[in-house]
Amino acid sequence: MNSTDLNRPETEQAAVRVLLAAADHLSSTEPTAVLEAHSLLICISAEAYNQSDRRYDGEGKAASRAALAMSPERADGTTRGEYARAIWRMLEEAGYEWAADANEPAIPRVTGIPGPRAELAKAGS
């Protein structure tokens, strides 16, 4: 990967998708826990890996590095939920937009076909 890869529009778009996915994860998984620096690195790297079809080649690395470069500062003691809100705020202030339903399940519900059992849905919340 060349340093110019971080400046490509598709890399920037991929980085935004990675940050949005990371914010979703941080806000839904232990949002009141303190966000440690290593946890942030792992979260962003894992989301870049997921966004690049589970490959960590040039595109995944470029998206991960770009997402880290554009992510907001993390103060000691910041919770995961607070940091997720900081990501959303930073992206909104930078002019990025995403659909209101961007966080909806990818597989739509079909009438007559049952979804997850209620006790499993609550456990995943």
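The values are calculated or read from the model by the stated rules, or taken from the named source; none is laboratory data. In this text the structure is predicted, and so the values were computed from the model without any measurement. A quick note on method: Cβ atoms are made from the backbone with ideal geometry, for glycine too, and the neighbour counts reach across all protein chains shown. Surface areas here come from the heavy atoms of the whole protein model, side chains and all, with no ligands, DNA or RNA. Shrake-Rupley method; radii C 1.70, N 1.55, O 1.52, S 1.80 Å.
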Task: Unmet requirement for Ala23, which otherwise passes all of (1) open to solvent by 60 Å² or more (accessible area, probe 1.4 Å); (2) of a type in the set (Gly, Ala, Ser); (3) modelled with pLDDT of 90 or more - done: (1)
Open item on the list: If I filter the range 53-68 for residues that are over 12 Å from Val16 (Cβ atoms), part of a loop (DSSP other than H, G, I, E, B) and open to solvent by less than 50 Å² (accessible area, probe 1.4 Å), do I get at least one hit?
Closed with: no
